[in-house]
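Student: Below you will find the structure I want to go over with you.
The values are calculated or read from the model by the stated rules, or taken from the named source; none is laboratory data. Just so it is clear, the model here is predicted, and its values are computed rather than measured. Here the Cβ positions follow ideal geometry from the backbone for every residue, glycine too, while neighbour counts run over all protein chains shown.
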Amino acid sequence: MSPGGGPLEALTILHRSGLLRPVGGPAGLLRVARVLRRWGLTPAAGYAAQAALRPAAVALVDESGALTFREMEERTTALARGLARLGVGPGARVALMSRNHRGFLETSVAVWKLGATTVYVNTSFAGPQLARVLEREEAALLVHDTEFEPVAAAWSGARLAAWGSSPGSDRSLESLIRAHTGGALGPPPRPGRAVILTSGTTGTPKGARRPLPAGLEPALALLSRIPLRARETTLIAAPLFHAWGFAHLVLSLFLGSTLVLQGRFDPERTLEAVERHRVDALVAVPIMLQRMLELPPEVRRRYDTSSLRVVAVSGEPLLGDLATRFMDAFGDVLYNLYGSTEVGFAAVATPEEMRRRPGTAGRPPRGTRLRLLGADGTEVAPGETGRIFVRSRLLFDGYTGGEERESQDGFLATGDLGHVDAEGLLFVEGRDDDMIVSGGENVYPQEVEDLLTRHPDILEVAVVGVPDPEFGQALRAYVVPRPGAGLDAEAVREYVRANLARYKVPRSIVFAERLPRTATGKVQRARLLAGG
């Protein structure tokens with residue numbers, strides 16, 4: 001599977017997104033050219049370019065108010081000078097443990113301006129896990145929200161407050177910005193880099209090295225399948241430390257987007273922000289869609305969300321009829337991306353594709369090729385299940401700990417199984433390592449989960465394998481019923497028995513109020529098995 005990727009297609013994408021119609025005409029183009037000549041086509045140039053074109057336009061809105069592009073450029077330059085005084089320079093590593101707010105953006109851009117590396121830390125980490133990761137990544141400085149002080153204290157290195165510090169603190173981003181205003185900053189000898197931690201639900205996450213974009217190809221890939229436009233308003237609800245939220249942060253710098261950020265996701269506050277700021281694009285993870293749909297219809301109707309053109313989601317499968325129910329409620333604005341920290345963007349499903357072929361992960365974006373390989377390493381035919389491999393310019397540079405990721409002829413394994421139908425649409429069937437062997441039969445939990453989430457009385461479900469003396473492994477389903485539902489274990493089993501093979505029927509059903517999830521929305525299956 002391979003889409004086009006030529007210059008004409010690139011020009012078409014740029015025109016459609018509005019990037020070929022810069023503010024200020026020829027004079028504006030000249031100002032941008034000067035910025036790019038100085039900084040190159042990197043995220044570090046983002047606010048500088050927009051400040052030259054639209055200095056008074058709003059760049060960011062968070063709980064502390066709004067900042068213009070000129071203010072963001074001045075603040076990130078001042079912060080870069082302050083960080084340099086603390087010893088941050090080319091090649092240094094700065095860890096960032098922050099929720100979605102200005103501190104996250106300002107730290108990222110300032111570190112990039114210095115040619116240093118930012119290590120993005122999951123806000124759910126416990127102290128020992130954080131300390132192990134920072135030691136492995138050789139971090140010179142940890143920037144963190146003060147709410148994470150008890151966790152951050154597990155690390156003995158230098159720390160700086162990103163959010164929540166007292167006004168008089170001399171160890172905060174704000175204090176560095178105030179103390180280092182004025183004057184220009186020269187570009188670093190080499191571009192900055194980013195380390196995104198993998199979002200696995202067990203063990204210590206791996207660090208995935210990702211070069212910051214030095215060209216338009218990553219933006220073109222995403223824009224080829226998702227119709228985002230320049231100078232619009234985007235609310236990033238997905239955690240910015242996650243690869244999905246981070247990708248849209250970087251893209252917003254190229255597009256000159258106004259970003260709306262909230263420290264914590266709340267479904268009603270998100271809808272209120274969409275109305276108040278006339279948000280054009282919402283970036284989320286699937287569980288956030290579920291939470292919005294759980295709001296009573298009368299609550300959803302309080303808010304005018306008609307400004308939304310795009311709701312872009314990634315991170316987990318859209319199980320059951322979640323995609324259809326969301327589009328029925330909010331319009332055909334949903335775009336679902338399948339990918340990972342390691343492979344980048346593998347496929348995107350459009351609203352039309354999800355309406356016509358429910359469950360599809362869509363098609364590869366520009367410049368991306370897929371291969372589905374069988375057990376013997378050869379490509380499988382359409383309709384047959386194979387292991388999914390991806391090749392593009394967006395593959396990661398490797399793990400910081402030196403671990404290997406399986407590849408073949410430049411194609412990187414995603415760790416998932418799937419098939420491609422006769423139309424060329426990809427369907428992801430589940431994780432290769434999630435397979436449960438029960439009584440000699442192979443079962444993939446996602447198929448059972450997808451079915452059960454379609455049950456009218458079930459809100460959420462997770463299926464795992466547990467030891468069984470008779471079958472080796474048996475299926476256990478953790479079920480969150482809808483409020484007021486009269487559901488019992490036998491009714492759940494009978495529903496599966498009526499729709500799937502008998503060996504796919506869970507032997508045990510556990511009812512729960514909520515499923516434990518990571519900050520990025522992934523179900524923590526190990527905690528389920530441990531009773532957490």
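Student: Could you tell me how many of the residues in segment 361-390 are farther than 23 Å from Leu334 by Cβ, in a loop (DSSP other than H, G, I, E, B) and touching a helix residue (DSSP H, G or I) at 6+ places or on another chain (Cβ under 7 Å)? Step through it out loud before you land on a result.
Tutor: Pass one, segment 361-390, residues farther than 23 Å from Leu334 by Cβ: 367, 369, 371-387, 389.
From the residues that got through so far, the ones that are in a loop (DSSP other than H, G, I, E, B) too are 367, 374-378, 380-385.
Applying the additional criterion that residues be touching a helix residue (DSSP H, G or I) at 6+ places or on another chain (Cβ under 7 Å) yields 367.
Final tally of qualifying residues: 1.
Student: Need at least 2 residues that are in contact (Cβ under 8 Å) with a residue 40 or more places away in the chain and buried (at least 22 other Cβ atoms within 10 Å of the Cβ) per element, so show me which strands (runs of 3 or more DSSP E) inside segment 423-486 make the cut, counting only ones lying wholly within it. Quick ask: steps written out before the conclusion?
Tutor: Numbers: elements: 426-431, 436-438, 441-443, 458-468, 472-481.
The strands (runs of 3 or more DSSP E) meeting that bar are 458-468.
Student: Further question: Determine whether Val461 is among the hydrophobic types (A, V, I, L, M, F, W, C) and in contact with a Ser or Thr (Cβ under 7 Å, 6 or more places away or on another chain). If you could, list the steps in order and put the result at the bottom.
Tutor: Working: among the hydrophobic types (A, V, I, L, M, F, W, C): yes; in contact with a Ser or Thr (Cβ under 7 Å, 6 or more places away or on another chain): yes.
Here the answer is yes, as Val461 does meet what is asked.
Student: If I filter segment 415-422 for residues that are without any contact (Cβ under 8 Å) to a residue 24 or more places away in the chain, loosely packed, with under 14 Cβ neighbours inside 10 Å and not in a strand (DSSP E or B), do I get at least one hit? Spell out how you get there, then give the answer.
Tutor: Just the residues of segment 415-422 that are without any contact (Cβ under 8 Å) to a residue 24 or more places away in the chain, to begin with: none.
Within segment 415-422 (the criterion being without any contact (Cβ under 8 Å) to a residue 24 or more places away in the chain, loosely packed, with under 14 Cβ neighbours inside 10 Å and not in a strand (DSSP E or B)), the answer is no, since none of the residues qualifies.
Student: Additional query: For Gly359, are the conditions met, namely being more than 17 Å from the chain's Cα centre (by Cα) and on the phi > 0 side of the Ramachandran plot?
Tutor: Values: more than 17 Å from the chain's Cα centre (by Cα): yes; on the phi > 0 side of the Ramachandran plot: yes.
Against the criterion (more than 17 Å from the chain's Cα centre (by Cα) and on the phi > 0 side of the Ramachandran plot), Gly359 qualifies.
Student: Which of the residues belonging to segment 112-165 are more than 18 Å from Arg102 (Cβ to Cβ), touching a helix residue (DSSP H, G or I) at 6+ places or on another chain (Cβ under 9 Å) and among the β-branched types (Val, Ile, Thr)?
Tutor: Once the filter is applied, which keeps residues that are more than 18 Å from Arg102 (Cβ to Cβ), touching a helix residue (DSSP H, G or I) at 6+ places or on another chain (Cβ under 9 Å) and among the β-branched types (Val, Ile, Thr), segment 112-165 yields Thr117, Val119, Val151.
Student: Among what's in segment 302-337 and is hydroxyl-bearing (Ser, Thr, Tyr) and not in a helix (DSSP H, G or I), pick the residue that is farthest from Val428 (Cα to Cα).
Tutor: Keep residues of segment 302-337 that are hydroxyl-bearing (Ser, Thr, Tyr), which gives 303, 305-307, 314, 324, 335.
Now drop any that are not not in a helix (DSSP H, G or I), which leaves 303, 305-307, 314, 335.
Details: Tyr303: 34, Thr305: 30, Ser306: 31, Ser307: 31, Ser314: 13, Tyr335: 16 Å.
Ranking the qualifying residues of segment 302-337, first place goes to Tyr303.
Student: Go through segment 41-127 and tell me which helices (runs of 4 or more DSSP H), entirely inside it, have 2 or more residues that are assigned by TED's automatic domain parsing to the domain that holds Ala179 and under 18 Å from Arg31 (Cα atoms). Spell out how you get there, then give the answer.
Tutor: Working: elements: 46-53, 69-85, 102-113.
Filter on segment 41-127 gives 69-85.
Student: While we're here: Taking the residues in segment 367-385 that are under 27 Å from Arg210 (Cα atoms) and out of contact with any Pro (no Cβ under 6 Å at 6 or more places or on another chain) as candidates, determine which candidate is surrounded by the most Cβ atoms within 10 Å (Cβ to Cβ).
Tutor: Filtering segment 367-385 down to residues under 27 Å from Arg210 (Cα atoms) leaves 367-373.
Add one more test, that the residue is out of contact with any Pro (no Cβ under 6 Å at 6 or more places or on another chain), and what stays is 367-369, 371-373.
Numbers: Gly367: 22, Thr368: 27, Arg369: 16, Arg371: 20, Leu372: 21, Leu373: 16.
Out of the qualifying residues, it is Thr368.
Student: Determine whether Thr341 is closer than 15 Å to Trp244 by Cβ, of a type outside the set (Lys, Arg) and either out of contact with any His (no Cβ under 6 Å at 6 or more places or on another chain) or touching a residue at least 12 places away in the same chain (Cβ under 8 Å) (or both).
Tutor: Yes: the conditions hold for Thr341.
Student: Within segment 227-249, restricting attention to residues that are crowded, with 22+ Cβ neighbours inside 10 Å and β-branched (Val, Ile, Thr), which residue is nearest to Glu9 (Cα to Cα)? First the steps, then the outcome.
Tutor: Keep residues of segment 227-249 that are crowded, with 22+ Cβ neighbours inside 10 Å, which gives 228, 234-249.
Then keep just the ones that are β-branched (Val, Ile, Thr); that gives 234, 236.
Numbers: Thr234: 25, Ile236: 27 Å.
For segment 227-249, the residue satisfying everything is Thr234.
Student: Using the structure shown, decide if Ala95 is over 25 Å from His242 (Cα atoms), at pLDDT 95 or above and either more than 28 Å from the chain's Cα centre (by Cα) or crowded, with 23+ Cβ neighbours inside 10 Å (or both). Give the steps one after another, and end with the answer.
Tutor: Values: over 25 Å from His242 (Cα atoms): no; at pLDDT 95 or above: yes; either more than 28 Å from the chain's Cα centre (by Cα) or crowded, with 23+ Cβ neighbours inside 10 Å (or both): yes.
The answer is no for Ala95.
Student: Take the residues of segment 489-514 that are aromatic (Phe, Trp, Tyr) and more than 33 Å from the chain's Cα centre (by Cα): which is farthest from Glu294 (Cα to Cα)?
Tutor: Our first condition is that a residue be aromatic (Phe, Trp, Tyr); within segment 489-514, this holds for 495, 503, 511.
This time we only want the ones that are more than 33 Å from the chain's Cα centre (by Cα), so: 495, 503.
Working: Tyr495: 23, Tyr503: 32 Å.
Only one residue tops the list, namely Tyr503.
Student: Could you please let me know if Ala110 is touching a Ser or Thr at 6+ places or on another chain (Cβ under 8 Å), hydrophobic (A, V, I, L, M, F, W, C) and closer than 20 Å to Gly182 by Cβ?
Tutor: Numbers: touching a Ser or Thr at 6+ places or on another chain (Cβ under 8 Å): yes; hydrophobic (A, V, I, L, M, F, W, C): yes; closer than 20 Å to Gly182 by Cβ: yes.
Against the criterion (touching a Ser or Thr at 6+ places or on another chain (Cβ under 8 Å), hydrophobic (A, V, I, L, M, F, W, C) and closer than 20 Å to Gly182 by Cβ), Ala110 qualifies.
Student: How do the pairs read when you match residues in segment 262-288 that are among the aliphatic types (A, V, I, L, M) with residues anywhere that are assigned to a helix (DSSP H, G or I), using Cβ under 6 Å and keeping only pairs 6 or more apart or on different chains?
Tutor: Qualifying pairs under 6 Å: Val283/His248.
Student: A further question follows. Determine which single condition Arg276 fails, assuming it passes every other condition in (1) farther than 19 Å from Gly65 by Cβ; (2) assigned to a helix (DSSP H, G or I); (3) of a type in the set (D, E, K, R).
Tutor: (1)
Student: Please determine, by comparing only the residues of segment 210-226 that are assigned to a loop (DSSP other than H, G, I, E, B) and modelled with pLDDT of 85 or more, which one is surrounded by the most Cβ atoms within 10 Å (Cβ to Cβ).
Tutor: Start the filter on segment 210-226 by keeping residues that are assigned to a loop (DSSP other than H, G, I, E, B), which leaves 212-216, 224-226.
When the remaining residues are screened for being modelled with pLDDT of 85 or more, the result is 224-226.
Numbers: Ser224: 25, Arg225: 23, Ile226: 22.
Filtering first and then ranking leaves Ser224.
Student: Of the conditions (1) over 22 Å from Ala238 (Cβ atoms); (2) of a type in the set (D, E, K, R); (3) under 24 Å from the mean Cα position of the chain (by Cα), Glu106 clears all except one; give me its number.
Tutor: Checking Glu106 against (1) over 22 Å from Ala238 (Cβ atoms); (2) of a type in the set (D, E, K, R); (3) under 24 Å from the mean Cα position of the chain (by Cα), the one that fails is (1).
Student: Return the pair list, or none, for Cβ contacts closer than 6 Å from residues in segment 507-523 that are within 11 Å of Tyr478 (Cα to Cα) to residues that are of a type in the set (Asp, Glu), at least 6 apart or on different chains.
Tutor: Hits for this filter: Leu515/Glu460.
For every residue, the table says whether it meets (1) modelled with pLDDT under 90; (2) part of a strand (DSSP E or B).
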| residue | (1), (2) |
| --- | --- |
| Ser165 | yes, no |
| Asp170 | yes, no |
| Glu174 | no, no |
| Arg178 | no, no |
| Val195 | no, yes |
| Ala208 | yes, yes |
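Student: Kindly indicate whether Val133 is in contact with a Leu (Cβ under 8 Å, 6 or more places away or on another chain), β-branched (Val, Ile, Thr) and modelled with pLDDT under 95. Outline the logic, then answer.
Tutor: Working: in contact with a Leu (Cβ under 8 Å, 6 or more places away or on another chain): yes; β-branched (Val, Ile, Thr): yes; modelled with pLDDT under 95: yes.
Spelling it out, Val133 is indeed in contact with a Leu (Cβ under 8 Å, 6 or more places away or on another chain), β-branched (Val, Ile, Thr) and modelled with pLDDT under 95.
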